[in-house]
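Q: Here it is, the structure, as structure tokens.
Bear in mind these aren't lab numbers, they're just calculated from the coordinates by the rules spelled out. Computed from a predicted structure; not experimentally measured. Glycine also receives a Cβ, built like all others from the backbone with ideal geometry; neighbour counts cover every protein chain displayed.
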Amino acid sequence: MTTRDKIIFAALRSFLTIGVDQTSLSNIADAVNIKKPSIYYHFKSKEDLINQCTFNILDDLEHRIDLSFEQIDSPREQLEALYECMIEFHKNLSLMVYENHHQIVNLTSFFQRASLESDQNKQRIDGYYHALQVKLISLLSNGQKQGIIKNAINKEIVSIDLIARIDGMITLSAIYEGANINTQRYGLYESVWDSLKAEHTPKKKKMLDYKSFDLGRKW
């Protein structure tokens, strides 16, 4: 791992554990075992580091979501694969940050703070959610054409709801022990699909056997 990569890792770990405002460049330098001025050789400022962490996370997550969609044609299995991909991404990120995959990271909190740091971050975060919404609208449209998803839904509203369901569950599991996403994930999938499926759609007997990807394209 290069010094630059070590700085990014230390910054991200600090941003996610103690918060952006509580993290200083001195904290990051100490974690990497370098002098604070050495950080400026790689990054112009703390804001620059926040931007880099935001882009790294979203580039990696988007790449994995794209891969999960490419491997499957069924709208239901695509939705489950998307949810599994997002959950596994958070688990692997938690393992990297906390060395404990059961302690889920609260990326939503970080993104909220990062979006206030610069317009560049806000646009990147908005772009991620817009691209995710477009994928889900396409998924819903395909399901309607196949006759397995209700026609009488507003795809724009439903696509946002689908994002909120998984993001909300992951965020809640990061702050509330009673909402364990690892044990409730499959019940969530069933509940979401039941709200989408056309009345004549037969219930699937077997859940998707989704193989997660290792975190590592950017880290």
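Q: State to the nearest 20 debye the size of the charge dipole of segment 1-43 about its Cα centre, where the only charges are +1 on K and R beta carbons and -1 on D and E beta carbons.
A: Magnitude of the dipole: close to 140 debye.
Q: Follow-up question, since we're still on this one. Relative to the first principal axis of the alpha-carbon coordinates of the chain, what is the inclination of helix 155-175, with its axis defined by its Cα atoms, in degrees from 0 to 90 and to the nearest 10?
A: Once rounded, the angle reads 50 degrees.
Q: If you stretched the chain out fully between residue 194 and residue 6, how much longer would it get, using 0.36 nm times the residue separation minus the C-alpha to C-alpha distance? Mind dumping the intermediate values first?
A: Numbers: separation 188, 0.36 × 188 = 67.68 nm, distance 4.48 nm.
Length gained, residue 194 through residue 6: 63.2 nm.
Q: So what's the angle, to the nearest 10 degrees on a 0 to 90 scale, between helix 181-196 and the longest Cα principal axis of the chain?
A: Roughly 40 degrees between the two axes.
Q: Follow-up. Rounded, prolate or oblate: which one fits segment 95-171, using the alpha carbon gyration tensor with axes a ≥ b ≥ c (rounded when a/c is under 1.5, else prolate when a/b beats b/c, else oblate)?
A: It is oblate, given that a/c is not under 1.5 and a/b is not larger than b/c.
Q: Check residue 149: other-chain or 5+ apart residues with amide H under 5 Å from its amide H, H built from backbone geometry?
A: 144, 198
Q: What does the net charge come to around residue 115 if you take all other residues with beta carbon closer than 11 Å to its beta carbon, with K and R at +1 and D and E at -1? Don't skip to the end; give the middle numbers.
A: Details: positive: 113, 122, 124; negative: 117, 119, 126.
For residues surrounding residue 115, the net value is 0.
Q: With the Cα gyration tensor of segment 35-150 giving a ≥ b ≥ c as the square roots of its eigenvalues, does the rule (a/c under 1.5 for rounded; else a/b larger than b/c for prolate; else oblate) give rounded, prolate or oblate?
A: prolate
Q: One-quarter of the Cα convex hull surface for the chain, in nm²?
A: Numbers: hull surface 50.3 nm².
Average of the hull's projected areas for the chain equals 12.6 nm².
Q: How would 90, 130 line up from fewest to most surrounding beta-carbon atoms within 10 angstrom?
A: 130, 90
Q: Scanning the chain for GluC sites (Glu not before Pro) in DSSP loops with at most 15 other Cβ atoms within 10 Å, what's the longest stretch left with none?
A: Formally, the longest exposed-site-free interval is 1-98.
Q: Compute the Rg/Rh shape ratio of segment 1-43: radius of gyration over Kirkwood radius, all on alpha-carbon atoms.
A: Radius of gyration relative to Kirkwood radius: 0.93.
Q: Now for a separate question. Under the Karplus relation 6.51 cos²θ - 1.76 cosθ + 1.60, θ = phi - 60°, what is the ordered set of whole-Hz ³J(HN,Hα) values for segment 23-29, x standing for Gly and Pro?
A: In residue order, the calculated couplings are 8, 10, 4, 5, 4, 5, 4 Hz.
Q: Using the structure shown, select from 91/197; 6/91; 122/155; 135/155; 46/122 the pairs with a Cα to Cα distance greater than 19 angstrom.
A: Numbers: 91/197 29 Å; 6/91 21 Å; 122/155 24 Å; 135/155 11 Å; 46/122 16 Å.
Result: 91/197; 6/91; 122/155 exceed 19 Å.
Q: May I pose another question? Given contacts defined as C-alpha pairs under 8 Å and at least six residues apart, what's the relative contact order of segment 1-43, whole-number percent?
A: Working: 27 pairs, mean separation 15.4, N = 43.
Averaging sequence separation for qualifying contacts and normalising by length gives 36 percent for segment 1-43.
Q: Here is a further query. For helix 75-98, report the angle its Cα long axis makes with the longest principal axis of the Cα atoms of the chain; keep it between 0 and 90° and round to the nearest 10°.
A: 20
Q: Using the Karplus equation 6.51 cos²θ - 1.76 cosθ + 1.60 (θ = phi - 60°), what ³J(HN,Hα) coupling, rounded to whole Hz, does each residue of segment 51-67 give in order, writing x for Gly and Pro?
A: 4, 5, 5, 4, 5, 4, 4, 6, 4, 5, 5, 4, 4, 6, 5, 4, 5
Q: Taking only C-alpha pairs under 8 Å that are 6+ residues apart, what is the relative contact order of the chain in percent?
A: Here the relative contact order equals 23 percent.
Q: Another one. What's the local net charge at residue 43, with K and R +1, D and E -1, over the other residues with C-beta under 15 Å away? Show your work: numbers first, answer last.
A: Values: positive: 4, 6, 35, 36, 44, 46; negative: 5, 47, 48, 117.
Net of charged neighbours comes to +2.
Q: Given charges of +1 on the Cβ of Lys and Arg and -1 on the Cβ of Asp and Glu, with all other atoms neutral, how large is the dipole of the chain about its Cα centre, in debye to the nearest 20? Kindly include the intermediate steps, with their values, before the conclusion.
A: Details: 27 positive and 28 negative charges, 28 e Å.
I would put it at about 140 debye.
Q: Tell me the label-point distance for the pair residue 72, residue 161, using the 7 Å Cα-to-Cβ offset, in nm and rounded to one decimal.
A: 2.0
Q: Dipole of segment 1-43 (Lys/Arg Cβ +1, Asp/Glu Cβ -1, origin at the Cα centre): which of 42, 28, 18 lies farthest to the positive side?
A: Checked the options; the winner is 42.
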